[in-house]
Amino acid sequence: MVTARAPATSANLGSGFDTFGVALSHPADTVSVERAAETTIEVTGAGAEFIPTDPEKNVVGAVADALEAPAHIHIDKGVRPSSGLGSSAASAAAAAVALNEQYDRGYSRHDLVSVAAEGEAVVSGEAHADNVAPALLGGFTIVRSDDGATSVDADLSLVACLPEVVVSTRDAREVVPDSVSMADHVETVGNAATLTAGMCRSDPELVGRGLDDPVVTPARAKLITGYADVREAALSAGATGVTVSGAGPSVLAVCASGRRRGVASAMVEGFADAGVGARAYQTAVGDGATVL
Ligand SMILES: Nc1ncnc2c1ncn2[C@@H]1O[C@H](COP(=O)(O)OP(=O)(O)OP(=O)(O)O)[C@@H](O)[C@H]1O
Ligand SMILES: N[C@@H](CCO)C(=O)O
């Protein structure tokens with residue numbers, strides 16, 4: 001048997017829709033695999049009751065197919081499904097690493113990005129890699145459709161606040177505008193470049209400014225009850241920037257050093273004032289999938 005751990009991730013980071021992503025130090029999924037004649041799946045942990053065990057409908061089934069590696073697969077969920085924290089991607093990445101090891105395929109983490117993205121296609125209808133890339137490579141990642149992923153290590157404090165609402169990726173993708181104005185395009189490029197420079201320098205001020213986004217985030221914020229108040233509360237408590245995590249409903253804040261606890265409390269209180277329960281992960285930019 002081989003067991004692998006893969007982290008939660010936060011995709012888009014405001015200005016990098018379908019392009020940027022970051023691995024979180026926690027929470028994470030753990031996946032154990034054992035060779036078998038055909039793939040079977042068992043799921044335990046966070047939200048297990050909402051996750052299919054049919055290999056045709058679970059992301060790890062698609063990963064096993066892509067690697068031609070049938071196995072009994074046990075997923076222990078640490079990342080709640082439909083959270084905006086890359087729950088499906090964490091399972092896909094951990095399964096790809098574990099099956100690669102179990103069957104001695106010899107693929108690199110970069111090679112496994114496209115394999116794990118095939119798992120994502122089962123869930124959201126398209127093989128987007130902006131969650132599986134950081135889940136596999138760690139750090140801050142940039143994906144492009146035709147040339148894989150680039151990763152940058154960064155040392156940054158983050159808070160991921162998960163409200164007790166559900167927003168599916170499919171629904172969140174339907175509210176994204178089909179086109180942008182030249183003014184919004186120029187602002188987005190400037191923010192994305194600022195964020196990237198901030199990641200390279202582990203500078204929370206630059207990264208925070210880079211989270212601003214005039215296009216996707218305003219459309220998706222409407223799906224998250226209390227978002228505007230939670231964002232203001234986080235900024236008042238010392239966050240340098242706030243955005244929707246992935247397709248939501250989680251809200252991600254970048255924090256100046258030493259401000260994480262106050263930001264986390266402020267965000268939970270902000271959701272409570274809106275009548276929504278929430279939990280906050282005081283986390284950081286983390287490493288990618290590992291064999292345990
Ligand atoms: N192994 C798995 N882990 C989690 N979700 C899975 C898995 N396999 C299939 N799913 C399905 O994927 C959906 C969750 O994926 P979705 O992309 O909507 O949320 P997410 O991955 O938590 O968030 P995001 O992609 O926005 O960061 C659920 O409907 C769930 O049933
Ligand atoms: N870029 C994808 C990520 C989903 O986690 C989206 O925002 O729809």
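The values are calculated or read from the model by the stated rules, or taken from the named source; none is laboratory data. Just so it is clear, the model here is predicted, and its values are computed rather than measured. For neighbour counting, all protein chains shown are included, and Cβ atoms are generated from backbone atoms with ideal geometry for every residue, glycine included. The accessibility values were calculated without ligands, DNA or RNA, using every heavy atom of the protein model including side chains. Shrake-Rupley method; radii C 1.70, N 1.55, O 1.52, S 1.80 Å.
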Fill in: Positive minus negative residues near Val285 (Lys, Arg vs Asp, Glu; Cβ under 11 Å)
-3
Item to complete: Name the residue farthest towards the positive end of the dipole of segment 44-85 from the options Gly78, Gly61, Ile51, assuming +1 on Cβ of Lys and Arg, -1 on Cβ of Asp and Glu, about the Cα centre.
Response: Gly78
Worksheet, complete the sentence: A 1.4 Å probe over the protein heavy atoms gives the chain a carbon and sulfur accessible-area percentage of 47
Fill in: Rounded, prolate or oblate (a/c below 1.5 giving rounded, otherwise prolate when a/b exceeds b/c) for segment 194-286 by Cα gyration tensor
oblate
Item to complete: Consider a paramagnetic label point 7 Å from the Cα of Ala274 along Cα→Cβ; state which residues of segment 152-166 have an amide N under 17 Å from it.
Response: 159-166
Practice prompt. For segment 152-224 and segment 41-114, compute the distance between their C-alpha centroids and round to whole Å.
Written response: 26
Fill in: Computed helical MRE - 222 nm, the chain, DSSP H runs ≥ 4 contributing -39500 (n - 2.57), nearest 500
-11500 deg cm²/dmol
Practice prompt. Order the peptides 159-171, 35-47 from the highest to the lowest mean number of other Cβ atoms within 10 Å of their residues.
Written response: 159-171, 35-47
Discussion item. For the chain, set up a GNM with springs between Cα atoms under 10 Å and report which of Arg80, Arg201, Arg105 has the largest fluctuation.
Written reply: Arg105
Worksheet entry | Nearest 10 degrees, 0 to 90: helix 227-236 Cα axis against the chain principal axis | 70
Item to complete: Show His128, His110 ordered by accessible area, largest first, where the area counts protein heavy atoms only and the probe is 1.4 Å.
Response: His110, His128
Discussion item. At 1.4 Å probe radius, can you tell me the per residue accessible area of segment 1-147 in Å²?
Written reply: 36
Worksheet item: Label points 7 Å out from Cα along the Cβ direction at Glu42 and Arg201: separation in nm?
Response: 5.1
Fill in: Förster radius 51 Å - calculated FRET efficiency between Glu49 and Ser108 (Cβ-Cβ, nearest 0.05)
0.90
Practice prompt. Round to the nearest 10 and give me the degree value, 0 to 90, for the angle of helix 87-102's Cα axis relative to the longest principal axis of the chain.
Written response: 40
